[in-house]
Structure formats: C-alpha cells, structure tokens
Amino acid sequence: MSTEPRINDRIRVPEVRLVGPSGEQVGIVPLAKALELAQEYDLDLVEVAATARPPVCKLMDYGKFKYESAMKAREARKNQAHTVIKEMKLRPKIDPHDYDTKKGHVVRFLKQGDKVKITIMFRGREQSRPELGFRLLQRLANDVQDLGFVESSAKQDGRNMIMVLGPHKKKTEAMAEARAAQDARKAERQGRVAGSTDTAADDAALEAENAALEAEADAADDDADDADDVAADEATQDQAEAGDTAAEADKPAEVAQDA
C-alpha cells in the first residue's frame, strides 16, 4: 500500500478542512472549492491528515515539499550514530609483525568510535596454556588504553578467550571529527591547486591526494583479508591435528607388531 498522501483529484471526499499556503486556516470548504483555490495559487491540494473528519488538506508545492522532506531525512540519517562491534581474532603465539598489524586495526576501530571484540583462538595443545591468551589480551589492552578501555574482561568461551574493548570517544564525536578532517583536506587541496601555477605540481598534488583516499578505502578491506588469513590458519592447524591423531592411533599397532 502506498504511503504517499493523496493530492488534487485523488482526494475523494465531499469537503475538507483547508489550510492556506502560509499556514492560515481557511475553514471547511467543499472539495471543488479547494481544488479551485489550488489552481488559482498554482499549487497542489495535499491531504495532510486523512484520518481527521473532515480530512485536513493544505495548499502547497508538492514537488518542493517532497524534495525538502528527502533532504531532511538524508541529514537525519547522516547524523545517526550506530554502535558497531568489530571483531579481531588472534592466536596465542602470534608473530610480532602480525600483532602490530592487528593492533593497528584495533586502533583504527577505536578511533572511529566502534567497540572491538578480541578473540584469542586456542588450538591443540595451546588449550592447556590459557595464560598465554590472557597475557596477550592484557598487552593489547595496555597498548590501546589511550583510545579505549576494557568493557568486558577476558573470559574463556570453549576453545576461545574473549575480551571487549570500548572506545573513550563517542561515535558521534568520531563521525564529526572525521567529517571535519575530510572537509579540511578538501579545502586544502582546492586552495593548493588554485594557488599553484605549475601544471605538473597540480597533477602531482592531485595524484597524492587520490592515493591517500585510495589507501583509506583499502584499509576498510583489511578486515576481510584478516578473516581469510585466520580461516587459512585454522584449516592448516586442523589438518595438522588430524595428522597427529592418526599417528597416535597407529602407534599401538606398530608396538604390537614389534613384540
């Protein structure tokens, strides 16, 4: 069912309570009279309160009204702040370089005002050493304490250990700062190009700025790459564990054959 209000000839009532173009109350008038006034003002007759008795109609430019409503809704969505929980997975014996990379992602998430769920994955014999994961989580929390705090302390969940970090900065503040920085970079780029007389310098400046923007876009794809790396590590570890299990199962048979 359409949610659009009825306008002009689509209104099917004998009389309406009419509101003028400036919001003045005209009163209850026949529908034909209301349509006649709409033609005189070169406006539309729009039903704004269909459930009233009689329905309330207003003289307005319906196209302009729809455009302004769409702009207001867009601005409202732009200012909305949705709480997002990002996730980062680590292994207890993570390589220092990989740790720095994943810590960089956590820092970026916290700067954006998002929460981060840190998961330490234990596999095989690592499950007997939960203190390794606990120390790793503590280390990460200390490294990012300027940007976030421990919202949920480390706890064991099956073969995983989980901790949640919350940002010091609210999402709305992070969004406002990001927009301000983007506007500042845009103004600086436009001013630099407008004030320069060297075409080669202009091209170099534009290329550098485009490269920076592409780098920001590529950073958003790093999470997907990390997820793929984790999945590959899990598959490799599971295959290794399956091989160890099969080898242990074959040992009794070999001992019996030697005897």
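The values are calculated or read from the model by the stated rules, or taken from the named source; none is laboratory data. Predicted model only: the values in this text are computed from it and were never measured. Note: ideal-geometry Cβ built from the backbone for every residue, glycine included; neighbour counts use all protein chains shown. Heavy atoms of the whole protein, side chains included, go into the accessibility calculation; ligands, DNA and RNA do not. Shrake-Rupley method; radii C 1.70, N 1.55, O 1.52, S 1.80 Å.
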Residue list for the stretch 31-66, filter: among the charged types (D, E, K, R) and part of a loop (DSSP other than H, G, I, E, B): Asp42, Arg53, Asp61
Out of all the residues in the stretch 10-30, is one or more open to solvent by 40 Å² or more (accessible area, probe 1.4 Å) and either of a type in the set (Phe, Trp, Tyr) or in a helix (DSSP H, G or I) (or both)? yes
Filter the stretch 130-165 for residues that are assigned to a helix (DSSP H, G or I) and among the aliphatic types (A, V, I, L, M) and give the result. Leu132, Leu136, Leu137, Leu140, Ala141
Residue count, the stretch 47-85, condition small (Gly, Ala, Ser), under 30 Å from Arg12 (Cβ atoms) and touching a residue at least 40 places away in the same chain (Cβ under 8 Å), comes to 1
Residues of the stretch 106-135 satisfying the condition of being closer than 16 Å to Gln156 by Cβ and among the β-branched types (Val, Ile, Thr): Ile118, Thr119, Ile120
Members of the stretch 86-117 that are in contact (Cβ under 8 Å) with a residue 24 or more places away in the chain and surrounded by fewer than 12 Cβ atoms within 10 Å (Cβ to Cβ): Lys93
Counting only residues that are among the polar types (S, T, N, Q), over 20 Å from Leu110 (Cβ atoms) and modelled with pLDDT under 90, how many does the stretch 128-172 have? 2
